[in-house]
Amino acid sequence: KQEVTQIPAALSVPEGENLVLNCSFTDSAIYNLQWFRQDPGKGLTSLLLIQSSQREQTSGRLNASLDKSSGRSTLYIAASQPGDSATYLCAVYRDGGSQGNLIFGKGTKLSVKP
Amino acid sequence: DAGVIQSPRHEVTEMGQEVTLRCKPISGHDYLFWYRQTMMRGLELLIYFNNNVPIDDSGMPEDRFSAKMPNASFSTLKIQPSEPRDSAVYFCASSQGQIYGYTFGSGTRLTVV
């Protein structure tokens, strides 16, 4: 059974710091991986989608990497800002099989202090 | 595009009452998913549809839960009768396929008292 773990569960950093959020999954047979952001009381906003053939994706100050063999992904946020404060969720798509196999981690709650 | 639209945003109901949550997927997306989010269990897939047909409902917790998708632009999730343990945020998402990822709605926060 695929399990997705995100460490740490919560993180507080001063504004301007570069930071890394970690995601690990137990079954390396994944199709692709998606990082989301969730603001309090809001829905999920897609940040980056990494296809299984890719090793990383970049969008602005965000960079996500994927290492299927080790079952890990990282989300790097450069020059963090208070507006980055949110919960970041990692989700993996199972390789082949049912479309519905999107498994989520429980997220890392990030707080960026001014 | 307005994205995935869910209604209502908030619902407070008494135990035993029927609750209906609604979702309008993004036009052209042929997959629709219902998820439930709680503090204890995180995000859990309840059911998903492909071309309006239910494909996997193994995540539906009990017979009290049912979902329908009468056409490509509308889906409902119904709970009858509702119980306090059903209190959660319910999300709807749609997709063109795994390669494109999912788009989520803003969710419905359900409170059963």
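Considering only residues that are free of Cβ contacts under 8 Å to residues at least 24 places away in the same chain and more than 10 Å from chain A (Cβ to nearest Cβ), which ones fall in the stretch B:29-56? Once the filter is applied, which keeps residues that are free of Cβ contacts under 8 Å to residues at least 24 places away in the same chain and more than 10 Å from chain A (Cβ to nearest Cβ), the stretch B:29-56 yields B:51, B:52, B:53, B:54. It is to be established whether one or more residues within the stretch A:80-99 are at pLDDT below 95, closer than 22 Å to residue B:6 by Cβ and not acidic (Asp, Glu). Checked against the condition, which is being at pLDDT below 95, closer than 22 Å to residue B:6 by Cβ and not acidic (Asp, Glu), the stretch A:80-99 yields at least one hit. Is it the case, given these coordinates, that residue B:82 is among the polar types (S, T, N, Q), more than 11 Å from chain A (Cβ to nearest Cβ) and in a strand (DSSP E or B)? No. When A:49, A:11 are checked against the criterion of being over 24 Å from residue B:96 (Cα atoms) and either among the aliphatic types (A, V, I, L, M) or within 14 Å of another protein chain (Cβ to nearest Cβ) (or both), a single residue qualifies: A:11.
Once the stretch B:91-113 is narrowed to residues that are within 8 Å of another protein chain (Cβ to nearest Cβ) and of a type in the set (S, T, N, Q), the residue that is farthest from residue A:38 (Cα to Cα) is B:98. Could you tell me whether residue A:75 is crowded, with 21+ Cβ neighbours inside 10 Å, of a type outside the set (D, E, K, R) and closer than 28 Å to residue B:36 by Cα? Yes. Quickly run through the stretch B:57-79 and pick out the residues that are touching a residue at least 24 places away in the same chain (Cβ under 8 Å) and assigned to a strand (DSSP E or B). Residues satisfying the conditions are B:67, B:69, B:74, B:75, B:76, B:77, B:78, B:79. Hey, does the stretch B:7-23 have a residue that's within 11 Å of another protein chain (Cβ to nearest Cβ), at pLDDT below 95 and in contact with a strand residue (DSSP E or B) (Cβ under 6 Å, 6 or more places away or on another chain)? Scanning the stretch B:7-23, I find no residue that is within 11 Å of another protein chain (Cβ to nearest Cβ), at pLDDT below 95 and in contact with a strand residue (DSSP E or B) (Cβ under 6 Å, 6 or more places away or on another chain), so the answer is no.
Listed by first and then second residue, the pairs with beta-carbon distance under 7 Å, at least 6 apart or on different chains, first residue in the stretch A:47-74 and touching a residue at least 24 places away in the same chain (Cβ under 8 Å) and under 10 Å from residue A:33 (Cα atoms), second surrounded by 19 or more Cβ atoms within 10 Å (Cβ to Cβ) and basic (Lys, Arg), are A:52/A:68.
So for the stretch A:78-91 (the condition being polar (S, T, N, Q) and closer than 21 Å to residue B:43 by Cβ), does at least one residue qualify? Yes, the stretch A:78-91 contains at least one residue that is polar (S, T, N, Q) and closer than 21 Å to residue B:43 by Cβ.
The values are calculated or read from the model by the stated rules, or taken from the named source; none is laboratory data. Predicted, not measured: the structure shown is a model, and the values here were computed from it. Heads up, the Cβs are rebuilt from the backbone with ideal geometry, glycines too, and the neighbour counts pull from every protein chain shown.
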